[in-house]
Amino acid sequence: MSTMSQRSHLTDSEAWRVVGRLEGGHTQAEVAQAIGVSQSVISRIWNHFLETGSAGRRPGQGRRWATTPNEDRYLVLTAPRHRNMKATLQQHLRSATGTPVSTQNVRNRLHRVGLYPRRQMRDCGSKNNPAFVHESVRFGGRGVLVYGGISIDGRIDLYIIRDGPLTARRYKDEILRPIVVPYASAIGDDFILMDDNCRLHSANLVEDFLFEEGIVRMEWPTFSPDMNPIEHVWDALGRRVAGRQPPPQTLQELERALLGERDKIPQLVINSLIDSMPQRCSTLLVVRGNHTPY
């Protein structure tokens, strides 16, 4: 009788697929069995991802990367906005971190996570030709507005905002009073509110209400989504919903998909994002308020 020996090392692309499966709710044992490695290998990759934000090889293994894990993450998050412009990604990264990289460096980082540039294949003047039009809106041009919150070892259930736009008064009456205040009371004196820093969140009636309830609101720069860990949760939620087969076709299906996929995001991932706040603040100070890799 012969037995197959299990591998003790995975390639970077395989390691990133492991992370994707674990984020998708699979257990380490299930992933290990599917890939054909021991569970200790899966555990090591996951722990490395939580510590560094990267699933690739550790420092000292092979040739040193020209970018840090945080800079790699910055490239991955920025790439969808500039899919046809490699030079722009290089300029953005250098402006944000001071790190010069080559076009090949950028290409390697993006290829490692499965991102490739789009190449325009249409002639001049064919912009509106139906043969070149790709429909990307699947919900009739409409969307769903939701509110949610995260904390260490906890999260606030998603709240679907219906019947018109969210105003400062609605924010106070529908979200702060019935949802945030009880959650803050359950946590105790350690609770500090970090919102999206939009205009309605800082309205006078909202500020007065928070003061009356004794809730401390974190002061942080405007237009700085890289400072808010929940942005990564929204990104993960969006990718999960977009990856559903079949995709949601109606607003009701979209709402159910959001509620279902949100509960599948591991709390360990949320905790690691919140634990990154000290490093986020340090990075922001280094770049003097400019873009950061987060």
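The values are calculated or read from the model by the stated rules, or taken from the named source; none is laboratory data. Computed from a prediction, not measured in an experiment: that's the story for all the values here. Cβ coordinates were reconstructed from backbone atoms using ideal geometry, including for glycine residues, and neighbour counts include every protein chain displayed. For the accessible areas, the whole protein counts, side chains as well, though only heavy atoms, and no ligand, DNA or RNA atoms are used. Shrake-Rupley method; radii C 1.70, N 1.55, O 1.52, S 1.80 Å.
Between Leu50 and Glu14, the modelled labels are 2.3 nm apart [label points 7 Å from Cα along Cα→Cβ]. Charge tally around Ile265: other residues with Cβ under 9 Å, Lys/Arg +1 each, Asp/Glu -1 each, net +1. Computed with a 1.4 Å probe over protein heavy atoms only, the accessible surface of the range 146-294 comes to 56 Å² per residue.
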